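The values are calculated or read from the model by the stated rules, or taken from the named source; none is laboratory data. Just so we're clear, the structure is a prediction, and the values are computed from it rather than from any experiment. Cβ placement follows ideal geometry from the backbone for every residue including glycine, while neighbour counts extend to all protein chains displayed. SASA here: full protein model, heavy atoms, side chains in, ligands and nucleic acids out. Shrake-Rupley method; radii C 1.70, N 1.55, O 1.52, S 1.80 Å.
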Amino acid sequence: MPKDADPRECSVADTLELVGERWSLLVIRELSYGVRRFDQIVRNTGAARDILTSRLRKLEANGIIRRERYSDHPVRYEYHLTPAGLELCDVLLVLMRWGDRHLHPNDPPVRWRHSCGDTLSPLVVCSHCGNEARMGAHSPTGRGARTS
C-alpha cells in the first residue's frame, strides 16, 4: 500500500474482503438455486475443486453458509445458506440487473418472473421512505465518512 494511502473505512470494502471474488458469489448463486452438493457446485460454477473447497470453508467460517452431513460412508456434506447468506442473494439480484442492462441488453441469459407475474426488475429502496436508494446520491455518515 502506498505510504500516503488512507483507505476509507467502509462496509463495502469489508464485505468485498469476504465475498468479493467470483467463486464465492457463484457459490451463493448456486445455493440460492437449491444446488447443495459439492460436485454440482463444481459443475455449475466451473471452479477448480481446490478453490471451491477454500471458498466453502471461508464462507462457512464467516457464517454465510452451513454444511450438513448427508452421508457417513464416505463422509459427504450438503451446503445451505444461513440467514446472512440469504441476504447476499439481494446483492446478486442487483448484479444480475446490471449485467442484463449493460452486458446483455438485448438478450439476458435468464429472465426471472416476479410473483406478480411480470419480469423481475430488482430495485434498491430505502426501507424508511420507500424511495430508490443509489450510491452517490446520498451523503455517508459515520466513522468512514469524509468531507474532504
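For residues that are in contact with a helix residue (DSSP H, G or I) (Cβ under 9 Å, 6 or more places away or on another chain), more than 22 Å from Leu93 (Cα to Cα) and of a type in the set (Gly, Ala, Ser), tally how many sit in the range 1-42.
Of the residues in the range 1-42, 0 are in contact with a helix residue (DSSP H, G or I) (Cβ under 9 Å, 6 or more places away or on another chain), more than 22 Å from Leu93 (Cα to Cα) and of a type in the set (Gly, Ala, Ser).
Out of the helices (runs of 4 or more DSSP H) lying entirely within the range 1-119, which hold 1 or more residues that are closer than 27 Å to Ala133 by Cα and among the basic types (Lys, Arg)?
Those helices (runs of 4 or more DSSP H) span 22-32, 83-102.
Which of the residues spanning the range 1-25 are of a type outside the set (D, E, K, R) and under 30 Å from Leu81 (Cα atoms)?
Cys10, Ser11, Val12, Ala13, Thr15, Leu16, Leu18, Val19, Gly20, Trp23, Ser24, Leu25
Only one of Arg113, Arg57 is more than 18 Å from the chain's Cα centre (by Cα) and over 25 Å from Cys10 (Cβ atoms); which?
The match here is Arg113.
If we scan the range 34-43, do we find a residue that is within 18 Å of the chain's Cα centre (by Cα), open to solvent by 60 Å² or more (accessible area, probe 1.4 Å) and at pLDDT below 95?
no
Is there a residue being of a type in the set (Lys, Arg) and more than 16 Å from the chain's Cα centre (by Cα) anywhere in the range 82-99?
no
Rundown of residues vs (1) of a type outside the set (Val, Ile, Thr); (2) under 30 Å from Pro7 (Cβ atoms), yes/no style:
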residue	(1), (2)
Tyr33	yes, no
Val42	no, no
Arg55	yes, yes
Ile65	no, yes
Ser71	yes, no
Arg76	yes, no
His80	yes, no
Ala84	yes, yes
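Would you tally the residues in the range 73-122 being among the aliphatic types (A, V, I, L, M) and open to solvent by 90 Å² or more (accessible area, probe 1.4 Å)?
3
Looking at the range 44-53, which of the residues that are of a type in the set (A, V, I, L, M) and surrounded by 14 or more Cβ atoms within 10 Å (Cβ to Cβ) is nearest to Leu86 (Cα to Cα)?
Leu52
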